[in-house]
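The values are calculated or read from the model by the stated rules, or taken from the named source; none is laboratory data. What you see is a predicted model, and the numbers here were worked out from it, not measured in a lab. FYI the Cβ positions are ideal-geometry reconstructions off the backbone, even for glycines, and counts take in every protein chain you see. What goes into the accessible areas is simple: the full protein's heavy atoms, side chains included, and nothing from ligands, DNA or RNA. Shrake-Rupley method; radii C 1.70, N 1.55, O 1.52, S 1.80 Å.
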Amino acid sequence: MKIVIIEDEHLASSYLKSILEQQSIISISEITVVKSVKDAVAFFKVNTVDLAFMDIHLGDGKSLDIFEQAPVSCPVIFITAYDSYAVKVFKHFTIDYLLKPYEEDELHEALLKYKNIKETFNTNLIVESLVEIENQSTVQHHFLVNHRDKLISINDTSISYFYATGKHMFIYTNSGSSYLYNSNLKDLIGKLNPVIFFKINRKYIINRHHIQEIIKHSSQKIEILLNVAVPDTEPIILSKKEINNFKNWLDS
């Protein structure tokens, strides 16, 4: 099999290449090292490989730039300096990641994961992961509300769920308090941390940490119980079109 390493740090790429050449988990016939976005784009336009190792930050740009300019059809294992948000995103969307400075056994674990899922891996998820990281600065963590004669800034870690009714939307906190918030679920979901929050239907965006129980009435009817009080007397039913996405979200 053929591998490409996209890494602009010479010591890092040399170390990775050396470990790959010495391991016995996968059989490698060729390893190519590319050091920039420009060279990676040129490489993928005329070459195909079985696996890529890719630093998310390169000297002349970001990994996302490569996917926007050239066809990349192989699985990718990302290389990154520690970033808690990036790590959560990579766990959700990609085969694996290596944190600098990485150890030999960590690479071996990543290669084993590659062997197990290479046939079913969806390369579209790679781009989604990079877009999420690119947009991490736009994730909203605080929400300003009016409460009587006060202004209150609510941290997203204090929010159990968002609830929409009619033209109004409310924030419900861990303590059971509720606050009117000037937005709607459709606009809000794109601003929230996708690892924590999920829009389950037209009324609710929920925090994964407040799911008490999931009841499967049938393959197309799933009920969600939260561990906090809700304003509706009717059960919370997951939208049918979100069932697969919801399962993937829970499994991340």
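Looking only at residues in region 66-97 that are assigned to a loop (DSSP other than H, G, I, E, B) and modelled with pLDDT under 60, which one is surrounded by the fewest Cβ atoms within 10 Å (Cβ to Cβ)?
Tyr82
Does Ser14 qualify as being among the polar types (S, T, N, Q) and closer than 20 Å to Glu103 by Cβ?
Yes, satisfied.
Is it true that some residue in region 109-125 is of a type in the set (S, T, N, Q), open to solvent by 90 Å² or more (accessible area, probe 1.4 Å), under 28 Å from Lys45 (Cα atoms) and modelled with pLDDT of 75 or more?
yes
Please work out which one of (1) touching a residue at least 24 places away in the same chain (Cβ under 8 Å); (2) open to solvent by 60 Å² or more (accessible area, probe 1.4 Å) is the condition Ile152 fails and give its number.
(2)
Looking only at residues in region 219-247 that are in contact (Cβ under 8 Å) with a residue 60 or more places away in the chain and surrounded by 13 or more Cβ atoms within 10 Å (Cβ to Cβ), which one is nearest to the chain's Cα centre (by Cα)?
Filtering first and then ranking leaves Leu226.
Considering only residues that are basic (Lys, Arg) and either touching a Phe, Trp or Tyr at 6+ places or on another chain (Cβ under 7 Å) or modelled with pLDDT of 90 or more (or both), which ones fall in region 33-65?
The answer is Lys35, Lys38, Lys45.
Quick check on my filter: what residues within region 170-179 are in a strand (DSSP E or B) and surrounded by fewer than 21 Cβ atoms within 10 Å (Cβ to Cβ)?
Phe170, Thr173, Ser178, Tyr179
Any idea which of Lys38, Lys17 is open to solvent by 70 Å² or more (accessible area, probe 1.4 Å) and of a type in the set (Lys, Arg)?
Lys38
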